[in-house]
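J.: There's a structure below that I have some questions on.
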Amino acid sequence: MKPQKSDLLQGTLDLLILKTVALGPIHGYGIAQRIQQVSQDALQVQQGSLYPALYRLEERGYLLTAWRESEQGRMAKFYSLTEKGAQQLTAERAQWERVAGAITLILNEAES
Amino acid sequence: MRWLRSIFRRPAVEREMDAELRFHIEELERCFQQSGMAPEDARRRARLEFGGIEQIKDDAREARMTGTLDRTVRELRAAGRSLSKSPGFTAVAVATLALGIGVNTEIFSLLDQAALRPLPVREPDRLVAFHSAGVNPGMDRNSGLKLSFSYPKYKEFRDHLDVFEGVAARFAVTGSVLHGGVADRVGVELVSGNYFDVLGVTPAVGRLIAASDDQTPMAHPVVVLGFGYWQRRFGGDRSIVGQTIVVNGMAMTVIGVSAAGFQGLLRGNDDELRVPMMMKDVFTPNWRGGFDRPLWAWANIIARLRPEVSSEQAEAAANVRYRQILDREAETLSGPYLAQREDFRKRHLDLEPAGRGLLYAVKNGRTTLLPLWGMTGIVLLIACVNVAGLVMARTAARQRELAIRLALGAGRLGVGRQLLMENVLLVGAGGALGVLLAAAIGEQALRVLFSPTANQVFRATPDVRVMGFALAATAVTAILFSLAPLWQIRQAALSDVLRAESGASARLAQVRFRKALVVVQLSFCVWLTIAAGLFARTLAKLRAVDLGFRKENLITFSLDPGVAGYKDFAAAKAVCDRIEQALAAIPGVTGAGRSAYGALSGGININRIEIDGYRPAKPEDTNVNQLDATPGYVKAIGMQLLTGRDFVASDYGPGRVALVNQAFARKYYGGENPVGRRIRSAFDRKQEMEIVGMVRDDRYFGPRQEPSPFYYTPTPPFGATSYYVRTATSPETMLATVRRVVEQEAPGVPLSQLRTMQEQADLAVGTEKQFATLAAVFGTLATLLAAIGLYGVMSYTVARRTREIGIRMAIGADRRDVLGLVLREVAVLVGIGLAAGIPTAIAMGSVIRSQLYNVSESDPMVMAGAGLVVLAVGLVAGFVPARRATAVDPMRALRWE
């Protein structure tokens, strides 16, 4: 049975996008594919949320865009991470870990 | 800003977005095809997976363009929700802001228009008015303010003073306008040809008076309408320009309308007409000409300084010329004026800044404004202090919530933004409510503070600058005080904050600070309440002054037959007598009379007389107030005859007898009976009168003026006349009848200022009434705000001490004890406020001393009264939290952390 697809909160989508782009310039379709592949199909990004998120991140100066030739030779819009974006990625990652840690604590406590 | 790019290069951006999304779909399609799907299926599947393209585009567009806006809106909504969770705080804060911003600025705006704002003329700072105090032999039409000069002097200043760009003259008169069968009385300003030029006023329609319109006496029957009057009377009809209207019986052509907003040089006046000075005789039939009389002082002079010349330089230069003129004129003084030569030469010319109106040029006008500035400022200060206390308390109460947010990584900036949004909402709501309040009370305030017709001259809408200032002040206060505690929360102390009993010392300090704020507010409150009490007492004392005549059951009005064409003395006398007889014949009227000037209206004639048996030390010792009156006058106005007899019908006309008042007898006869003595006019020795009676002193000039010597002659008054009609019953009901009778007897003669004497007396104390009302309003505002502040602090204190109260109740204190505990704390606060406020109020009392009448600025009754009021209000404000304290359940309180 396929693992359940979970809905992604907006905040965490940003985190995933930043991480994906950190690995190298990539276009929108590529980002969606990569997240799906690496999470082994557990996370599937809705295109409806992907592009608004991309534009918002670009807006805030975390991503840079450029039209380049894709692997197939067609023109596509590539996103890359800025320095500000790299810092944001670190911050968001730290926060994610903090929250996740807190939740784990509570779960553990309740059981005992 | 990237979003700007989105807006300005939309087509390119849209195309880009289109291309990007299409790329994605086509890649999906290709992927499906590669995994073996048929091309059609692949395309369909891709479309399905991708979702609605337009929807995505919309969302994407939104995210792009309104990124910041969207976030702000979201934050505002969150702030709104947060505020609605504490409705008490929100309501109180908004109310405070509305009162402090709205009501306060409304009143300030009215005062600003009345006195502070510069005149709407070109470069008002360059305007000066000529002012000269000193002896004035000859006639002075405007002696009180020392701003009048003779026409020959004006001409010399105009033609020979280079330090000025231009020197203009003006003189205020009244007139009657007849047009389309309707007559009304208007204020008229006689102006020199260069008046509009010097002031820098432009026409709204047509043209204005120019130098060519002011050359020869009576040769320029032209008139300029005031903008307001043009709107009101002629409905803003442009075709009136070029037509003729009848002014004081003379046909004059309307040549134009002056610019909107220009209301002349006297605040609160909106002269309806402006007429060339050469046409003066149309309005002053009693004293014609005068253009060549160096000792007839009447014209006000205003001048514009050259840009490179300072006021001091101009004054020095002007005085050089003035000295020459005075020397020359002093040589011509003869007869009774000879002795004044030296003093006359000593007169000095001052240049007073006239940019804010003529009355502002007189020092008195300025000092009455200081207390008003002060009161407005104090109320705003109190409001700010209140808001500060409120937001500080709120931030403190939410310390835990905020600390948690910080812990979750919100960052101080993020939390700060949230608080900022809340403050923006509060100040916005308070400001909006304030504007509504201001609009609501505006009209009423105008009527109460100034006069029933003030809305023709002043605008009731609050001044935007002032409102902006008040908004800014309160916003800054709110932001500062709400964010300040935030900065104290450090990461390290986070765990402390999350635990219960922590921050106690910080909170204690904060409570002390807030209590100090409340005490300060209460002191301000005390000041304003004392001021209100003092002004109210002044008003009451003035109203209680015995005016010497009976103002009850008395109607008065003013009439000028000359404006309706009765220019002949005999004809005017005939119609006036007829009117008087008709009035006396009305059923319900017990007497009618008239005089040349009206009591409490400020006008009077002064004559120099010679008194048998009295040798004056100085010539002006025998300048006496003189009033022409008909035989019915004394009885009608209700003066009391002490000795001798009243005028009778046979006295009327020839003027061989006179009545005097007590002050006259005291000054010239040492208090002996004046009946039988003789007096004569100093300029016309043949005019000799025998004194036949003495009347009791009256306060002709108003309750504040001590009685001065008067003599009354039974001569038919000429020109404008004041009538008095005594009624048997309530005078208000007879007003319409009086008007009807006058109009019947003399159709076409407009009567003006028809009112009961009581109303006239009230007008005479207009300024005092204004002050009393203002102080009462400000005092109430301040008290309300201080009460709110006190309530806030006490609520907080009670909540904080819940545990302590619970313990007390558990060990035996009953509700009354707890009530007493809280109220005692309130009383202490109020007490300190009073102790600080009263002595400082006494110290500052000298500021308002000039406005008071027969009331000391440290009047003990007022002090006591103010103290009681503040104490009472404080106790009431503290009562609600006190009661809440008594409702504490000891069991719950002890368990509360």
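J.: Using every pair of alpha-carbon atoms in chain B, split the distances into 20 Å bins beginning at 0 and state the percent of pairs per bin, rounded to integers.
T.: Here the calculated profile for chain B is 11, 32, 29, 18, 8, 2, 0.
J.: Let me confirm one metric for peptide A:77-85, namely the mean number of other chain beta-carbon atoms within 10 Å of its residues' beta-carbons.
T.: On the way: counts 7, 0, 0, 0, 0, 0, 0, 0, 0.
That average works out to 1.
J.: Kirkwood hydrodynamic radius, the protein assembly as shown, all distinct C-alpha pairs: what's the number in Å?
T.: Details: mean 1/r = 0.0277 Å⁻¹.
In the protein assembly as shown this quantity evaluates to 36.1 Å.
J.: Excluding residues fewer than 8 places away in the same chain, name every one of the aspartates and glutamates whose C-alpha is closer than 20 Å to that of B:K567.
T.: B:D184, B:D281, B:D577, B:E580, B:D628, B:E743, B:E745
J.: Using only Cα atoms and rounding to the nearest 10 degrees, what angle (0 to 90) does helix B:815-844 make with the longest principal axis of chain B?
T.: 40
J.: Could you rank the peptides B:613-622, B:18-27, A:52-61 by their average count of other C-beta atoms within 10 Å per residue, with the highest value first?
T.: So the order, starting with the most tightly packed, is A:52-61, B:18-27, B:613-622.
J.: While we're here: On C-alpha positions alone, give me the angle between the axis of helix B:504-544 and the longest principal axis of chain B, in degrees, nearest 10.
T.: It is inclined by approximately 20 degrees.
J.: For a protection proxy built on the mean count of beta-carbon atoms within 10 angstrom, sort B:797-804, B:151-158 highest first, please. Don't jump to the answer; show the numbers that get you there.
T.: Working: B:797-804: 17.1, B:151-158: 19.8.
For the peptides B:797-804, B:151-158, the packing ranking is B:151-158, B:797-804.
J.: Taking beta carbons within 10 Å but only from partner chains, what does the mean come to for residues A:86-99?
T.: Values: counts 0, 0, 0, 0, 0, 2, 1, 0, 1, 3, 1, 0, 3, 2.
That works out to 1 on average.
J.: Also, I was wondering about something else. What size of dipole, in debye to the nearest 20, comes out for the protein assembly as shown about its Cα centre when the only charges are +1 on Lys and Arg C-beta atoms and -1 on Asp and Glu C-beta atoms?
T.: Numbers: 119 positive and 98 negative charges, 371 e Å.
It works out to roughly 1780 debye.
J.: Count the net charge of all other residues whose Cβ sits under 15 Å from the Cβ of B:I832, scoring Lys and Arg as +1 and Asp and Glu as -1. Spell out each step's value before the answer.
T.: Numbers: positive: B:R512, B:R514, B:K515, B:R824; negative: B:E825.
Charge balance in the 15 Å sphere: +3.
J.: Okay, next question. A 30 angstrom limit on the alpha carbon distance is what I want to check against. Which of B:K551/B:K573; B:K146/B:K686; B:K346/B:K541; A:K19/B:K57; B:K155/B:K346; B:K618/B:K686 exceed it?
T.: Working: B:K551/B:K573 26 Å; B:K146/B:K686 32 Å; B:K346/B:K541 40 Å; A:K19/B:K57 24 Å; B:K155/B:K346 21 Å; B:K618/B:K686 22 Å.
Beyond 30 Å: B:K146/B:K686; B:K346/B:K541.
J.: Mind checking the alpha-carbon convex hull of the stretch B:131-270 and giving the volume per residue in Å³?
T.: Details: hull volume 18.8 nm³, N = 140.
Measuring per residue, one finds 134 Å³ for the Cα hull of the stretch B:131-270.
J.: Please name whichever of B:S558, B:I604, B:P587 sits farthest to the positive end of the charge dipole of the stretch B:553-680, dipole taken about the Cα centre and charges placed at Cβ: Lys and Arg +1, Asp and Glu -1.
T.: Farthest towards the positive end: B:I604.
J.: Here's something else I'd like to know. Using a ≥ b ≥ c from the Cα gyration tensor of the stretch B:841-897 (square roots of the eigenvalues), is it rounded, prolate or oblate, where a/c under 1.5 gives rounded and otherwise the larger of a/b and b/c decides, a/b for prolate?
T.: Working: a/c = 6.68, a/b = 4.15, b/c = 1.61.
Taking the square roots of the gyration eigenvalues as a ≥ b ≥ c, the stretch B:841-897 is prolate.
J.: Evaluate peptide A:45-57: per residue, the Cβ atoms of other protein chains within 10 Å of its Cβ; return the mean as an integer. Mind dumping the intermediate values first?
T.: Working: counts 0, 4, 13, 9, 4, 4, 11, 10, 3, 4, 12, 7, 2.
Per residue, the average neighbour count from other chains is 6.
J.: With +1 on each Lys and Arg Cβ and -1 on each Asp and Glu Cβ, how big is the dipole of the stretch B:597-734 about its Cα centre, in debye rounded to the nearest 20?
T.: Details: 17 positive and 15 negative charges, 37 e Å.
Dipole size: approximately 180 debye.
J.: Where both residues lie in the stretch B:208-280, what percent of DSSP beta bridges are antiparallel, nearest 5?
T.: Details: 6 of 10 bridges.
Antiparallel bridges make up about 60 percent of those DSSP assigns within the stretch B:208-280.
J.: How much net charge surrounds B:N607 when only the other residues with a Cβ under 12 Å from the Cβ of B:N607 are counted, with Lys and Arg +1 and Asp and Glu -1? Walk me through the numbers on the way to the answer.
T.: Details: positive: B:R608, B:R680; negative: B:E610, B:E620, B:D628, B:D684.
Neighbourhood net charge equals -2.
J.: Give, as a single signed number, the net charge of other residues whose beta carbon lies under 13 Å from the beta carbon of B:D159, with Lys and Arg counted +1 and Asp and Glu -1. Provide the component values of the computation, followed by the final result.
T.: On the way: positive: B:K153, B:K155, B:R158, B:R321; negative: B:E156, B:D162.
Around B:D159, the surrounding residues sum to +2.
J.: Between helix B:860-886 and chain B, what is the angle of the helix's C-alpha long axis to the longest principal axis, kept within 0 to 90° and rounded to the nearest 10?
T.: With both axes taken from Cα atoms, the answer is about 20 degrees.
J.: Find which of B:V777, B:V749, B:P731 sits farthest along the positive direction of the dipole of the stretch B:696-808, computed with +1 on the beta-carbon of Lys and Arg, -1 on that of Asp and Glu, about the Cα centre.
T.: Of the candidates, B:V777 comes out farthest on the positive side.
J.: Pull out a ≥ b ≥ c, the square roots of the eigenvalues of the alpha-carbon gyration tensor of the stretch B:540-624, then state rounded if a/c is under 1.5, prolate if not and a/b is larger than b/c, and oblate in the remaining case. It would help to have the intermediate numbers written out before the result.
T.: Numbers: a/c = 2.36, a/b = 1.29, b/c = 1.82.
The shape class here is oblate.
J.: Along the charge dipole of the stretch B:164-306, pointing to its positive end and built from +1/-1 on Cβ of Lys, Arg, Asp and Glu, which listed residue (B:Q215, B:S176, B:G261) has its Cα farthest out?
T.: B:G261
J.: Moving on to the next point. At a threshold of 8 angstrom on Cα-Cα distance, excluding pairs fewer than six apart, so keeping six or more, what relative contact order does chain B reach in percent?
T.: Values: 1505 pairs, mean separation 127.7, N = 897.
Reported as a whole number, the value is 14 percent.
The numbers here are math on the coordinates, done by the rules we state, and not lab data. Because the structure is predicted, anything quoted here is derived from the model rather than measured. FYI the Cβ positions are ideal-geometry reconstructions off the backbone, even for glycines, and counts take in every protein chain you see.
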